[in-house]
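Only the coordinates and a few stated rules stand behind these numbers; no lab work does. Keep in mind that what you see is a predicted model, and the values were worked out from it rather than measured. Positions of Cβ are generated from backbone atoms using ideal geometry, with glycine treated the same way; all protein chains shown enter the neighbour counts.
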2 protein chains.
Amino acid sequence: MYKAKIYVTLKKSVFDPQGETVLSALHSMNFDGAKTMRVGRYFEMDVEAGSEGTAKAQVEKMCNSLLVNPVIEDYSFELKEC
Amino acid sequence: MYKAKIYVTLKKSVFDPQGETVLSALHSMNFDGAKTMRVGRYFEMDVEAGSEGTAKAQVEKMCNSLLVNPVIEDYSFELKEC
């Protein structure tokens, strides 16, 4: 069994209105140290697989077919045996 | 300037209907290797601060006052100078 931690972010060239809203909320609360903000998604998944290679291939397939919109989003992930 | 990567997850004891929906969608697409799924949020933020300690304190304050609902969510973050 492997634990996958998947990070999904908007591509750098894509405007992030949610991030802008959070940033302006932070500024209105006097957190002036915050300079940029991008909001993404985070998935934690347990994957049953015989080897790390199989798990990796499965996670990539799941990302490309359901979890991530490859037109506007990038993703990365970590795998850990558990 | 520091780059903060903030991971927000629902506490383990809190039911995650979004995660359950994603998991059942994965199963309906024949990704039977997926055993559990929890969905969270991910923030990437640039923070202007004099030292790593100050940056850390600022990020914790932002999390507790806006980014995280401490009743149902846990968070962790990494800081990197940039």
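The table below lists the values:
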quantity: Other copies of A:Ile72: label-to-label distances in nm, shortest first, labels 7 Å along the beta-carbon direction; calculated: 2.5
quantity: At R0 = 22 Å, FRET efficiency that the Cβ-Cβ distance of B:Phe15 and B:Glu78 yields, to 0.05; calculated: 0.20
quantity: Karplus 3J(HN,Hα) series, Hz, for the range A:33-44 with 6.51 cos²θ - 1.76 cosθ + 1.60 (x for Gly, Pro); calculated: x, 6, 9, 9, 8, 10, 10, x, 10, 9, 10, 10
quantity: Cross-link reach list, lysines versus A:Lys3, counting only Cα pairs under 19 Å and skipping chain neighbours closer than eight places; calculated: A:Lys56, A:Lys61, A:Lys80, B:Lys11, B:Lys12, B:Lys35
quantity: Taking A:Ser65, A:Ser13 and counting other C-beta atoms within 10 Å, the order from fewest to most; calculated: A:Ser13, A:Ser65
quantity: Cα centroid of the range A:1-59 to Cα centroid of the range B:6-82, whole Å; calculated: 8
quantity: With eigenvalues of the C-alpha gyration tensor scaled by 5 and rooted, chain B, Å; calculated: 32, 15, 8
